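Reading through the structure tokens given below for one structure.
The values are calculated or read from the model by the stated rules, or taken from the named source; none is laboratory data. Not measured: the values here are computed from a predicted model. Cβ sites come from the backbone with ideal geometry, for glycine too, and all protein chains shown count toward neighbours. SASA here: full protein model, heavy atoms, side chains in, ligands and nucleic acids out. Shrake-Rupley method; radii C 1.70, N 1.55, O 1.52, S 1.80 Å.
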Amino acid sequence: DAGVIQSPRHEVTEMGQEVTLRCKPISGHNSLFWYRQTMMRGLELLIYFNNNVPIDDSGMPEDRFSAKMPNASFSTLKIQPSEPRDSAVYFCASSSFTIAKNIQYFGAGTRLSVL
Amino acid sequence: SQQGEEDPQALSIQEGENATMNCSYKTSINNLQWYRQNSGRGLVHLILIRSNEREKHSGRLRVTLDTSKKSSSLLITASRAADTASYFCATDGETSGSRLTFGEGTQLTVNP
């Protein structure tokens, strides 16, 4: 398996623009997680899905953030409108309790810079 | 405060020395995991220890778990410059489902 695939790897955009981050989890995994990592705040869980259903979105900072998982092999995290304080590295991770006891497999991340 | 807090925040050692990192947590857990993150990369799972285990080994890694003290330690023996990375502990509790709670991490620097 290719692992968790995120795109794009880098995104530079201007304040006010819409940003869409994409994630393809490992085949067979039924849980998907979106994290944000900054020097100031560390690693923060934004939202996670079980079997494509959002379970906990309490970490989503504002209504400007939204996430979807239309099927088991794809998820998006959208920021609209983007702001400079959204600049961070965004990670997607997937896991399966039955296959691997909740061990999470992370993608390489998307480094977002909002100017 | 956050479940899963590492200590120290930063550690600098010479190649060949052992590195010990500690993690404390607050609530009952099912498992505790350690992850590694190289600069600019995603986290990578290293080792998992169950709540009914006290010690586990994997290569140069040794993990201990003390549920009475709600703490764990990660020992890396005979460190190498390539071990330079951030190390995070993560816990899953009895009510957290598939969610993990990550600590703030220990930045390990191994000097050649």
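Would you mind calculating the relative contact order of chain B from Cα pairs under 8 angstrom and at least 6 residues apart, reporting the percent as a whole number?
Values: 285 pairs, mean separation 43.1, N = 112.
The normalised contact order for chain B reaches 38 percent.
Between B and A, buried accessible area summed over both sides at probe 1.4 Å, in Å² to the nearest 100? Mind showing how you got there, number by number?
On the way: alone 6080 and 6470 Å², together 11050 Å².
Its buried surface, counting both partners, is about 1500 Å².
Computed over segment A:36-115, the alpha-carbon pair-distance distribution with 10 angstrom bins reads 16, 51, 28, 5, 0, each value a whole percent.
Quick note on the protein assembly as shown: its Rg to Rh ratio, both from C-alpha atoms and Rh being the Kirkwood radius, is 0.97. Computed from the alpha carbon atoms alone, the convex hull of segment B:4-112 holds 89 Å³ per residue. Along segment B:107-112 the Karplus relation, 6.51 cos²θ - 1.76 cosθ + 1.60 evaluated at θ = phi - 60°, assigns HN-Hα couplings of 8, 9, 10, 10, 8, x Hz to successive residues, with x for each Gly and Pro. What the phi angles of segment A:104-115 give under the Karplus curve with 6.51, -1.76 and 1.60, with θ = phi - 60°, is a coupling list of 9, 10, 9, x, 6, x, 10, 8, 9, 10, 10, 8 Hz, glycine and proline written as x.
Rounded to the nearest 5, the antiparallel percentage of DSSP beta bridges internal to the protein assembly as shown is 90%.
Could you tell me which of the pairs A:Lys24/B:Lys26; B:Lys26/B:Lys56; A:Lys101/B:Lys69 are separated by over 31 angstrom between their Cα atoms in the structure shown? Check vs 31 Å cut-off fails for A:Lys24/B:Lys26.
When the solvent-accessible surface of protein heavy atoms is calculated with a 1.4 angstrom probe, in what order do A:His29, A:His10 fall, highest first?
Accessible-area ranking of A:His29, A:His10, largest first: A:His10, A:His29.
Excluding ligands, DNA and RNA, what is the solvent-accessible area per residue of chain A at a probe of 1.4 Å, expressed in Å²?
So chain A comes to 50 Å² accessible per residue, rounded to a whole number.
Extent of segment B:1-40 along its three principal axes (Cα atoms, max minus min coordinate, largest first): 36, 22, 19 Å. Helices in the protein assembly as shown, meaning DSSP H runs of at least 4 residues, each add -39500 (n - 2.57). Divided by all residues, the mean residue ellipticity at 222 nm is 0 deg cm²/dmol.
Taking θ as phi - 60° and the Karplus parameters 6.51, -1.76 and 1.60, the scalar couplings of segment B:14-31 work out to 9, 3, x, 7, 8, 10, 10, 10, 10, 9, 10, 9, 10, 10, 4, 10, 8, 9 Hz in sequence order, x denoting glycine and proline.
Using r as the Cβ-Cβ distance of A:Asn52 and A:Glu18, and R0 as 25 Å, what FRET efficiency do you calculate, to the nearest 0.05? Intermediate values should be presented prior to the final figure.
Numbers: r = 23 Å, r/R0 = 0.92.
The value I calculate is 0.65.
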